[in-house]
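Colleague: I'd like to ask some things about the structure below.
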Amino acid sequence: MRTFGVEEELLIVDPKTGEPLALADALLAGRKLAADDAPAKPRLLEPHGETGFDDDGMGLSFELKLEQIETQTRPCLDYDELLRQIRAGRAMADAAAQKQGARVAALATSPLALASHTTPDPRYARMLERFGLTAQEQLTCGFHVHTYIESQEEGVAILDRIRDKLAVLTAISANSPFWNGLETGFESYRTQAWNRWPTAGPSGIFGSLPAYRRVVTRLLETGVTLDEGMIYFDARLSRNHPTVEVRVADVCLRAEDAALLAVLVRALVESASREALEGVEPAPVPSVLLRMASWQASNFGLCGELLDFGSFRPAPAADVVDSLVDYLEPVLAEQGELELVRSGIAAIFERGTGAREQRSVRQTVLEKGAPNDGGLAAVVAHAVRATLRGTVGYADGDAEHVPELLRVRQS
């Protein structure tokens with residue numbers, strides 16, 4: 001079984017108002033700022049007794065905005081270990097936030113309006129200068145899955161064979177219906193905001209590692225993007241780790257959904273590798289159709305029709321997700337994960353994605369009488385509880401007991 005690990009970006013929020021807070025520098029005082037989008041030295045979670053993780057070199061780091069913090073797991077072999085580490089990372093981030101009177105929430109966009117603050121790092125300053133409003137407004141929280149590969153050549157073969165199925169993962173993870181105080185009409189508005197970057201979105205079929213490197217080199221030679229860390233393909237080779245990195249998902253509201261999504265990604269990577277070894281050619285789907293599939297998944301999530309990854313015609317979301325699980329069944333069954341995946345997918349359809357949960361909470365609040373914030377503070381409060389559910393020492397009432405809020409703002 002291939003090892004896999006994840007990176008989660010979380011919002012730092014005021015537990016009472018739901019507003020994002022520019023506190024990452026306070027939470028990570030003394031730690032180095034992120035040098036680029038793919039850190040050379042992974043920050044690992046170190047075991048500490050039976051109750052948690054040591055915060056010495058803990059898996060937390062800066063991101064583009066001071067209102068967010070990133071967690072990283074170490075490589076894992078199975079769902080249970082990955083879920084434990086995801087929960088531990090969320091608990092560590094929240095513990096750091098609570099010291100400043102804040103909390104963390106696994107929300108892919110902020111429900112409430114704000115003017116975000118860019119992390120004070122020379123690279124991020126260049127991004128802000130170069131990309132203007134796109135960088136200024138880019139407070140989005142994604143979920144990135146790293147899966148081990150034997151070689152970069154194998155990695156490119158995998159990238160070529162998973163590209164047509166990635167939009168389904170966007171739909172399953174959809175967790176961003178609100179944007180700056182507005183109902184967007186999308187299940188994953190993060191996908192729309194993120195795809196404003198010039199290199200974001202689906203890539204073509206590369207065919208070989210030299211061809212992949214040529215595409216990256218040509219993109220850098222345009223001068224549009226600053227560096228290789230800004231090659232934001234839906235899936236790419238990691239520069240510093242022997243992994244394929246899949247980047248299409250919203251951060252998931254629930255930790256168990258995040259671990260489930262990572263299991264699907266690993267099975268997708270393994271299935272694609274086997275196809276390459278068997279001489280199965282990549283599906284020759286034009287990138288423009290992949291953009292349509294991504295847009296449809298972003299718009300409807302699991303609530304309407306997706307584009308079937310075989311025909312690229314509309315089909316009920318449940319049928320498209322079932323088709324993906326059927327495609328992955330040989331690998332999932334071999335690895336003892338098929339029933340886990342089927343039950344996890346059924347649970348998501350039954351209760352809804354994170355986007356559905358957010359809307360449901362808001363609707364319940366509005367039915368009781370419209371508050372000044374349109375019910376969005378309640379959405380964030382619910383997200384805090386859902387984010388931390390299942391973590392060591394957490395109880396649902398914890399979100400109400402925080403120290404006096406320490407606000408940090410950068411000019």
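Colleague: Would you please name the residue that is farthest from residue 247 (Cα to Cα), looking only at residues in region 296-324 that are assigned to a helix (DSSP H, G or I) and without any contact (Cβ under 8 Å) to a residue 24 or more places away in the chain?
Modeller: Among those that are assigned to a helix (DSSP H, G or I) and without any contact (Cβ under 8 Å) to a residue 24 or more places away in the chain, it is 319.
Colleague: Another one. Conditions: (1) without any contact (Cβ under 8 Å) to a residue 60 or more places away in the chain; (2) in contact with a helix residue (DSSP H, G or I) (Cβ under 9 Å, 6 or more places away or on another chain). Residue 181 meets all but one. Number of the miss?
Modeller: Of the numbered conditions (1) without any contact (Cβ under 8 Å) to a residue 60 or more places away in the chain; (2) in contact with a helix residue (DSSP H, G or I) (Cβ under 9 Å, 6 or more places away or on another chain), the odd one out for residue 181 is (1).
Colleague: Out of everything in region 97-129 that is open to solvent by less than 20 Å² (accessible area, probe 1.4 Å) and in a helix (DSSP H, G or I), what residue ends up being nearest to residue 232 (Cα to Cα)?
Modeller: Step by step, filter region 97-129, then rank; the result is 127.
Colleague: Right, residue 62: at pLDDT 95 or above, out of contact with any Asp or Glu (no Cβ under 6 Å at 6 or more places or on another chain) and of a type in the set (Phe, Trp, Tyr) or not?
Modeller: So residue 62 does not fit the description; no.
Colleague: Counting only residues that are of a type in the set (Ser, Thr, Tyr) and in a helix (DSSP H, G or I), which one in region 155-182 is farthest from residue 291 (Cα to Cα)?
Modeller: Residue satisfying both the conditions and the ranking: 173.
Colleague: Could you run through region 167-186 and say how many residues are open to solvent by less than 10 Å² (accessible area, probe 1.4 Å) and either within 14 Å of the chain's Cα centre (by Cα) or over 23 Å from residue 20 (Cβ atoms) (or both)?
Modeller: 8
Colleague: Check 367, 334, 339, 350 and return the single one that is at pLDDT below 95, over 26 Å from residue 98 (Cα atoms) and open to solvent by 50 Å² or more (accessible area, probe 1.4 Å).
Modeller: After applying the criteria, what remains is 367.
Colleague: Among the residues of region 333-391, count how many are in a loop (DSSP other than H, G, I, E, B) and touching a Gly at 6+ places or on another chain (Cβ under 6 Å).
Modeller: Residues that pass the stated criteria total 1.
Colleague: Let me ask something additional. Mind checking whether some residue in region 45-55 is open to solvent by 50 Å² or more (accessible area, probe 1.4 Å), at pLDDT below 95, hydrophobic (A, V, I, L, M, F, W, C) and more than 30 Å from residue 181 (Cα to Cα)?
Modeller: no
The values are calculated or read from the model by the stated rules, or taken from the named source; none is laboratory data. Computed from a prediction, not measured in an experiment: that's the story for all the values here. Cβ: placed from backbone, ideal geometry, glycine included. Neighbour counts: every protein chain shown. Note: areas computed on protein heavy atoms with side chains; ligands, DNA, RNA excluded. Shrake-Rupley method; radii C 1.70, N 1.55, O 1.52, S 1.80 Å.
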